Amino acid sequence: MMRNLFSLENKTILITGGSGHLGSAMSEGLAKHGATVIIASKSKEKNCAFAAQLTEKYQTTCFGEYIDISNLESVNTCISSTIKAFGKIDVLVNNGYYGSSGKIEEMSEEIWKKGIDGSINTVFNCVHAILPHMMKQQSGNIINIASMYGTVSPDPSIYGDSGFNNPANYGAGKAAVIQFTKYLACHYGNKGIRANTISPGPFPSKTVQKNDEFIMNLSKKNPLGRIGSPSDLEGPIVFLASDASSYMTGQNIVVDGGWTAW
C-alpha cells in the first residue's frame, strides 16, 4: 500500500489566526489530513467553537487557544502550554496579522509602524518563541503567510476609488516576511528545521466582495479570471506541512491565480 505523502497524522500544528477568513480554510485542510490542530488567536471562544466543529467533522483532534501575537509573553505562554499538553509542535503556521492603512504622505509614524508590527514583527515573536523547542527536538517546520504584495506592488488602476487601496506598510512587511523566511531556512536547516512561505494573491473578504466593480477589476487582472477562494489555500498548506515537501525550504509559493506572472 502506497504511503500517503500528504498525511498529517501524528503531527501537531499550531496556526495563528486559524479561525479567520483564510486561516479557517487552512485549519480545515490540516484537520482533514489528520493533524492535531491548535487554532490560536485573541478570539479564544471563536477558536474553540471552530475547533469543536473540525474535531467532529474529521474525527481528529483540534483545540482553540488564546494568543496575542503582538505580545512576546503571550506568545511564549501559548507555545509553552501547547508543548506541555502535546509534547511537541511539529509545524508552526504564522498566519495571524493586523495592520493599518493610509497614503504614505498622510501616514503618521505610528500608523506606519503598526503595519510593520502586525506583519513581520509578529512573525518574529512566534519564531523567536518556538525556535529553542524545535532546535531541542532537532526538527521543525515553519510556514509563514506572506502576500503577492511582498513581491510586486499593487496596481493603482485596479483600486480606483474603491477605498480598498493596499497600504505601503503591508507590502513592505510581507516582503520582510519572505526574506526572514529565507534567512531561517539557511541558518537553521542544519538543525532539522524547514521554513517556507505561502503568498496568497487576491483573496478579498466577504465584505469586500460586495463591491461588484472592484471584484470585476480584480478578476480581469488575473490570468485565471477569478478571485481566490479560501479553499484554494488548503492544498498548498497541506503540501508544505506534510512530508511531501520534505526537501523544500526557503521557498515562496505564490497562490495568486497567475497575478504575478504578467
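The values are calculated or read from the model by the stated rules, or taken from the named source; none is laboratory data. Treat the numbers as computed from the prediction; the structure is a model and nothing was measured. We place every Cβ from the backbone using ideal geometry, glycine too, and count neighbours over all the protein chains shown.
For the reader, a short list of remarks on this structure follows.
- Cβ-Cβ under 7 Å pairs, at least 6 apart or on other chains, segment 83-109 side under 17 Å from residue 137 (Cβ atoms), far side among the basic types (Lys, Arg) and part of a loop (DSSP other than H, G, I, E, B): 90/11; 91/11
- In segment 13-60, the residues that are among the charged types (D, E, K, R) and surrounded by 22 or more Cβ atoms within 10 Å (Cβ to Cβ): 28
- Criterion applied to 158, 193 was being out of contact with any Pro (no Cβ under 8 Å at 6 or more places or on another chain), within 23 Å of residue 102 (Cβ to Cβ), of a type in the set (Val, Ile, Thr) and touching a residue at least 60 places away in the same chain (Cβ under 8 Å), and the one residue passing it is 158.
- Of the residues making up segment 247-261, those that are touching a residue at least 40 places away in the same chain (Cβ under 8 Å), in a loop (DSSP other than H, G, I, E, B) and out of contact with any Cys (no Cβ under 7 Å at 6 or more places or on another chain) are 248, 249, 251, 256, 257.
- Any chance residue 116 is aliphatic (A, V, I, L, M), in a helix (DSSP H, G or I) and touching a Ser or Thr at 6+ places or on another chain (Cβ under 7 Å): no
- Test for residue 115: is it modelled with pLDDT under 95, touching a helix residue (DSSP H, G or I) at 6+ places or on another chain (Cβ under 9 Å) and either over 19 Å from residue 35 (Cα atoms) or among the polar types (S, T, N, Q) (or both): no
- Residue list for segment 155-174, filter: in a helix (DSSP H, G or I), more than 14 Å from the chain's Cα centre (by Cα) and among the small types (Gly, Ala, Ser): 157, 168, 171, 172
- If the condition is being surrounded by fewer than 19 Cβ atoms within 10 Å (Cβ to Cβ), of a type in the set (S, T, N, Q) and in contact with a Ser or Thr (Cβ under 9 Å, 6 or more places away or on another chain), then segment 234-260 contributes 251, 252, 260.
- Number of residues in segment 100-159 that are of a type in the set (Asp, Glu) and either touching a strand residue (DSSP E or B) at 6+ places or on another chain (Cβ under 8 Å) or crowded, with 16+ Cβ neighbours inside 10 Å (or both): the value is 1.
- The number of residues in segment 171-199 that are under 18 Å from residue 256 (Cα atoms) and of a type in the set (D, E, K, R) comes to 1.
- Scanning segment 223-246 for residues that are under 14 Å from residue 93 (Cβ atoms) and without any contact (Cβ under 8 Å) to a residue 60 or more places away in the chain turns up 236, 245.
- Residue match in segment 201-222 (condition: in a helix (DSSP H, G or I), among the small types (Gly, Ala, Ser) and either without any contact (Cβ under 8 Å) to a residue 24 or more places away in the chain or over 19 Å from residue 94 (Cβ atoms) (or both)): yes
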